[in-house]
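The values are calculated or read from the model by the stated rules, or taken from the named source; none is laboratory data. Nothing here was measured: the structure is a model prediction, and the numbers come from that model. With ideal geometry, Cβ positions are generated from the backbone for all residues, glycine too; neighbour counts draw on all protein chains shown. The area values use the complete protein model at the heavy-atom level, side chains included, leaving out ligands, DNA and RNA. Shrake-Rupley method; radii C 1.70, N 1.55, O 1.52, S 1.80 Å.
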Amino acid sequence: MVARIKGYRASDDIETSLRYAEGHRKVLEAYGIKQVTSAVHNWLEDPNTYVLIVESEDGSKIYGGTRVQVRSPNLKMPMEDAIAKIDKRIYSYVDAIGDYNVAEFCGLFNSREVAGYGIGSLYLCRIAMAVSGLVGIKNLLALCSPITLLMSERIGFEILTDLGNNGTFYYPKEGLIATSLIARDLVNLPVATDEEREKIFSLRENPKQTVTENGRRGELTIIYDIATWL
């Protein structure tokens with residue numbers, strides 16, 4: 001299988017961003033989730049939001065995607081309002097970090113068509129970490145499911161125990177547990193594994209490259225172009 005992954009400012013390609021948003025909505029609804037803050041479209045024209053999209057080689061299909069949404073005076077991160085329903089300390093916590101110093105890795109999804117290749121569980125996570133380093137933010141936040149927690153820690157996240165119940169919340173609905181995460185040093189990634197740090201640094205140093213990976217479903221060739229704004 002061949003996939004193409006590109007990264008761009010949301011405001012530079014609103015048409016593709018709408019396709020990404022529609023794909024995200026369909027996957028959420030397939031799991032019975034109809035209201036989630038990361039699915040709100042107030043980021044579409046935001047120059048500080050970076051969309052990462054996985055497409056078929058010819059661009060006709062969207063297989064998955066995610067966003068790195070930088071907090072600014074004009075746009076909060078989706079997880080702020082989500083967590084505030086349970087723990088209002090999220091606002092003061094993020095205020096202390098400061099606008100443009102923090103972003104959220106959010107809106108992650110992949111279609112069932114590519115389940116098992118690692119697109120939504122690993123490759124997009126690595127790329128989000130690489131892009132966050134490229135745009136110069138100091139901290140990256142995220143909410144993750146129990147299934148992706150260990151993988152998130154491999155790429156450089158730590159549990160943000162200052163919020164919620166030692167970092168956990170019921171989100172996006174009762175019965176589903178999300179864990180709040182933070183990566184505090186995006187330049188050096190000190191808590192990432194050596195293998196993941198090397199792969200992330202490679203993407204940061206060479207955002208245009210083609211790599212063949214082996215997943216549970218077989219070989220996957222990825223054509224990366226993850227920083228089109230550079």
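Tabulated results
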read-out: Projected label distance in nm at residue 230 and residue 101, using a 7 Å step from Cα toward the beta-carbon; value: 2.5
read-out: For the range 5-126, accessible area per residue (1.4 Å probe, heavy atoms of protein chains only), Å²; value: 43
read-out: Gain upon complete extension [residue 177, residue 45; 0.36 nm per residue less C-alpha separation]; value: 44.4 nm
read-out: Helix 194-205 axis, angle to the chain major axis (alpha carbon atoms, nearest 10°); value: 70
read-out: Residue-by-residue Karplus 3J(HN,Hα) for the range 48-62, coefficients 6.51, -1.76, 1.60, Hz, glycine and proline x; value: 9, 10, 10, 9, 10, 10, 9, 10, 5, 4, 8, x, 7, 10, 9
read-out: Cα long-axis angle, helix 124-134 against the chain (0 to 90 degrees, to the nearest 10); value: 70
read-out: Accessible carbon and sulfur surface of the range 171-230 relative to its total accessible area, %, 1.4 Å; value: 47
read-out: Per-selection Rg to Rh, the range 86-191 - Cα, Kirkwood hydrodynamic radius; value: 0.96
read-out: (1) 0.96; (2) 0.93; (3) 1.15, with the label sought being that of the calculated Rg/Rh (Cα atoms, Kirkwood Rh); value: (2)
read-out: Length-normalised contact order for the chain - Cα pairs under 8 Å, 6+ apart - percent; value: 23
read-out: Residue-span extension gain [residue 165 to residue 208] - 0.36 nm each, minus C-alpha spacing; value: 11.4 nm
read-out: Residues of the range 143-230: accessible area per residue with a 1.4 Å probe, Å²; value: 56
read-out: For the range 1-149, with +1 on Lys and Arg beta carbons and -1 on Asp and Glu, the positive-most of 54, 18, 109 along the dipole; value: 109
read-out: Too-long pairs where the Cα-Cα distance tops 21 Å, listed order kept, from 26/61; 6/199; 6/61; 138/208; 85/173; value: 138/208
read-out: GluC sites (Glu not before Pro) restricted to DSSP loop in the range 103-205 with at most 10 other C-beta within 10 Å; value: 174
read-out: Fraction of the pair-distance distribution of the range 86-129 above 13 Å, Cα-Cα pairs, percent; value: 66
read-out: Area of residue 173 that stays accessible when all protein chains are in place (1.4 Å probe, Å², to 10); value: 90
read-out: Karplus-derived 3J(HN,Hα), 6.51/-1.76/1.60, for each residue of the range 213-220, Hz, glycine and proline x; value: 10, 10, x, 4, 9, x, 6, 10
read-out: Angstrom value of the Kirkwood radius, inverse mean 1/r, which spans all Cα pairs in the range 60-110; value: 12.0
read-out: Using a Förster distance of 45 Å, the FRET efficiency for residue 81-residue 60 (Cβ separation, nearest 0.05); value: 0.80
read-out: Cβ charges +1 (Lys, Arg) and -1 (Asp, Glu), total dipole of the chain, debye; value: 340
read-out: Candidate residues 58, 95, 46, 225: accessible-area rank, largest first, probe 1.4 Å; value: 58, 95, 225, 46
read-out: Value of relative contact order over the range 47-113, rounded to a whole percent, pairs C-alpha under 8 Å and six or more apart; value: 38
